[in-house]
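Okay, so here's the structure we're looking at.
The values are calculated or read from the model by the stated rules, or taken from the named source; none is laboratory data. No experiment lies behind these values; they were computed from the predicted model shown. Cβ placement follows ideal geometry from the backbone for every residue including glycine, while neighbour counts extend to all protein chains displayed. Keep in mind that these areas ignore ligands, DNA and RNA; they rest on the heavy atoms of the full protein, side chains included. Shrake-Rupley method; radii C 1.70, N 1.55, O 1.52, S 1.80 Å.
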Amino acid sequence: MWFPLDIGFGLGALILPLALIVASLRVLREYERGVVFLLGRFQRVKGPGLVIVVPGIQQMVRVELRTVVLDVPSQDVISRDNVSVKVNAVVYMRVLDPQLAIIQVANYLEATSQLAQTTLRAVLGKHELDEMLTEREKLNIDIQTVLDQQTDAWGIKVANVEIKHIDLNETMIRAIARQAEAERERRAKVIHAEGELQASEKLLQAAEILAQKSEAMQLRYLQTLTQIAGDKSSTIVFPMPMDVLAPLLEAFRKDKG
């Protein structure tokens with residue numbers, strides 16, 4: 001009668017240690033680390049691979065080391081020139097020190113996200129709207145630098161920050177369009193004025209060269225007469241300068257003499 005009971009105690013004594021051993025085994029992937037606490041005190045960081053955690057005595061918190069992408073919700077930002085815009089961004093971060101990420105902050109992902117939102121508003125609020133639209137790469141670097149400095153105490157590295165969208169209201173979009181059109185007109189006028197200046201300088205140089213040589217002036221007159229002779233639509237009275245007539249009159253006098 002006692003034989004089956006002995007077998008039950010024997011199986012129980014065998015199964016219980018096996019269950020404890022199985023419960024104490026943890027497998028950590030290559031991109032994971034385990035922050036192990038012994039009776040509530042930090043012991044060490046373990047992994048990757050097979051890790052043994054004694055139930056009831058040790059506790060382990062998994063930490064992922066891969067880069068995490070945090071989407072920063074749209075934020076209301078008032079620029080330095082008092083323009084209200086909505087800006088959203090994306091943050092690329094990863095854990096460098098699992099111990100600090102678990103011990104120094106309650107939820108490092110949520111903390112980094114909230115910090116990114118406040119930093120986005122603070123940094124962009126120091127710049128004018130034109131800088132937000134034209135110098136986005138510089139603003140990305142400024143936000144990333146500020147974030148990285150503040151999250152360093154949490155063992156977190158902010159690798160990159162990218163501003164995704166800057167939304168403007170319809171009134172501001174029309175104002176920017178008018179400003180762009182005015183800028184294009186200004187550039188066109190400047191280019192036209194520069195062309196007139198260069199043309200006047202070239203004409204002045206040509207006049208100075210023609211004034212130095214009377215023969216050059218005579219050739220120029222003859223060339224102009226040739227161009228006018230080709231146009232038969234109208235009669236043009238062209239003044240003949242004395243510099244051109246003088247050699248002809250002199251030759252005529254010699255023939256008469």
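Brief remarks on what is shown
- When Thr119 is tested against the conditions (1) in a helix (DSSP H, G or I); (2) under 13 Å from the mean Cα position of the chain (by Cα); (3) under 13 Å from Val72 (Cα atoms), the lone failure is (2).
- Scanning region 59-94 for residues that are touching a residue at least 24 places away in the same chain (Cβ under 8 Å), of a type in the set (S, T, N, Q) and part of a strand (DSSP E or B) gives Ser74, Gln75, Ser84, Asn88.
- Restricting Ile173, Ile102, Ile156 to those that are modelled with pLDDT under 85 and hydrophobic (A, V, I, L, M, F, W, C) reduces the list to Ile173.
- All told, Arg41 meets the bar of being surrounded by fewer than 10 Cβ atoms within 10 Å (Cβ to Cβ) and modelled with pLDDT of 85 or more.
- Scanning region 131-158 for residues that are in contact with a helix residue (DSSP H, G or I) (Cβ under 8 Å, 6 or more places away or on another chain), surrounded by fewer than 18 Cβ atoms within 10 Å (Cβ to Cβ) and not in a helix (DSSP H, G or I) turns up just one, Lys157.
- Going through (1) out of contact with any Asp or Glu (no Cβ under 8 Å at 6 or more places or on another chain); (2) under 12 Å from Val158 (Cβ atoms) one by one, Asn140 falls short only on (1).
- The set of residues in region 134-143 being of a type in the set (A, V, I, L, M) and without any contact (Cβ under 8 Å) to a residue 40 or more places away in the chain consists of Leu139, Ile141.
- Wholly enclosed strands (runs of 3 or more DSSP E) of region 15-58 bearing at least 2 residues of a type outside the set (A, V, I, L, M, F, W, C) and in contact with a Lys or Arg (Cβ under 9 Å, 6 or more places away or on another chain): 32-38
- Applying a threshold of 9 Å to beta carbon distances and a minimum spacing of six or more residues, or different chains, the list of pairs starting in region 154-171 at a residue that is under 24 Å from Glu135 (Cβ atoms) and ending at one that is part of a loop (DSSP other than H, G, I, E, B) and open to solvent by less than 40 Å² (accessible area, probe 1.4 Å) reads Leu168/Val83.
- Residue within region 95-112 that is in a strand (DSSP E or B) and surrounded by 14 or more Cβ atoms within 10 Å (Cβ to Cβ) present: yes
- Looking only at region 68-94, and only at residues there that are of a type in the set (Val, Ile, Thr) and exposed (fewer than 14 other Cβ atoms within 10 Å of the Cβ), the one that is farthest from the chain's Cα centre (by Cα): Ile78
- Residues that are more than 24 Å from Ala19 (Cα to Cα) and loosely packed, with under 11 Cβ neighbours inside 10 Å within region 44-55 comprise just one, Arg44.
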